[in-house]
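Worksheet: one structure, shown below.
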Amino acid sequence: MQPETIETKLQRSDALRSLTMEKEVVRRLRRLGWECVHSCYFKDLETTKLREIDVVAQRDWTKKLQGGSQVARVNLVIECKSVRGYHLLSIE
């Protein structure tokens, strides 16, 4: 049996599975008209460490009214989890 190559290890890694999932979320949201940023960073105010957010998405809906318009904006902060056997949902 030959030793496993780095390519094979990467293809089977949780990191690649997570990245693939994140890219699929961005692809689907963009297809539905959302503006997306993949893998952006922010500074944690408690620890001052840089933290990564998997996907940030935004979409606006505008309704024309007599004499103006009304806008609804929705912002999503999405963490993609690829842990097997767990189903996580957090709404805050």
How large is the convex hull of the Cα atoms of region 6-78 per residue, expressed in Å³ as a whole number? 108 Å³
Helix axis angle, 14-31 relative to the chain longest principal axis, alpha carbon, degrees: 20 degrees
For the chain, modelled as a GNM with alpha-carbon contacts under 10 angstrom, which of 72, 57, 15 fluctuates the most? 72
Pairs over 24 Å Cα to Cα, from 43/81; 49/81; 23/81; 23/63, come to 23/63
Among 13, 69, 39, residue whose mean-square fluctuation peaks in a GNM of the chain (springs only between Cα atoms under 10 Å): 69
Ignoring trypsin sites (Lys or Arg not before Pro) buried by more than 14 other Cβ within 10 Å or outside DSSP loops, the longest site-free run in the chain is 13-48
Check: region 6-78 dipole with +1 on Lys, Arg Cβ and -1 on Asp, Glu Cβ, in debye: 340 debye
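A short reminder: the numbers here are calculations on the coordinates, not readings from a lab. Nothing here was measured: the structure is a model prediction, and the numbers come from that model. Because the Cβ atoms are built from the backbone with ideal geometry, glycine has one as well, and the counts that use them run over all protein chains shown.
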